[in-house]
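Here, each number is a calculation from the coordinates, and none is a lab measurement. Owing to the predicted nature of the structure, the values given are computational and were not obtained by experimental measurement. No Cβ is skipped: glycine too gets one built from the backbone with ideal geometry, and neighbour counts run over all protein chains shown.
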Amino acid sequence: MFRRRHILLSATSAVTSFVFAMGGRRARAADIDLDVISHKATSFAKLSRQEVAAIFTRAIRTWRGGEMLRPFNFRPGSAERLTFDHVVLDMDPDQSAQFWIDKLVRGEGEPPRKVGDARTMLKVVASLPGGIGYVPAGVADGTVRVVARIRKGKVESP
């Protein structure tokens with residue numbers, strides 16, 4: 001029970017800090033292109049928008065055959081995160097924060113881990129089996145697999 005309260009208080013504090021940092025303004029999705037990337041050994045070569053959304057909302061935690069999925073997000077407020085949440089999850093920052101608070105309160109899991117930049121995202125996803133994340137278009141290299149592309153507000157096959 002203590003851990004649950006601690007998580008809830010931490011999440012509430014993080015959301016409050018984010019809203020305060022945004023100056024009470026609603027953040028808008030940036031117009032950037034992204035590549036959804038996975039560890040090279042994952043058993044999937046491409047994912048639909050619905051599959052990506054299910055992985056990042058933790059509705060799907062394992063892939064066919066039992067492969068553990070480990071999603072990673074950029075920090076709230078970043079251009080990458082705003083675009084990803086808007087296009088893939090159909091959520092603005094307030095909705096995303098509320099979604100995770102609700103999940104934490106109900107004991108249904110924690111949000112994906114956060115990384116601060118594209119280089120870190122590449123390293124983390126490339127090094128962890130089941131790793132999945134996203135980077136600005138053109139940043140992905142041979143250490144990861146592009147499994148979906150976000151172009152002009154739509155999710156496309158790689």
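For SER127, project a label point 7 Å along Cα to C-beta. Then give me every residue of the range 137-158 with its amide nitrogen under 16 Å of that point. Within reach of a label on SER127: 143-144. Which listed residue (GLN98, ALA79, GLY65) has the Cα farthest towards the positive end of the charge dipole for the range 55-103, taking +1 on Lys and Arg C-beta and -1 on Asp and Glu C-beta about the Cα centre? It is GLY65. Applying a threshold of 22 Å to the alpha-carbon distances of LYS123/LYS152; LYS40/LYS114; LYS46/LYS123; LYS46/LYS152 flags LYS123/LYS152 as lying beyond it. In this rough spin-label picture, where each label sits 7 Å from Cα along the Cβ direction, the ASP117-ALA79 distance is 1.5 nm. Here the range 37-158 is treated with +1 on each Lys and Arg Cβ and -1 on each Asp and Glu Cβ, and its dipole about the Cα centre works out to around 380 debye. Separation of the range 119-158 from the range 24-94 is 10 Å, based on Cα centroids. Less than 5 angstrom separates the built amide H of VAL155 from none of the residues sequence-distant by 5 or more or on a different chain.
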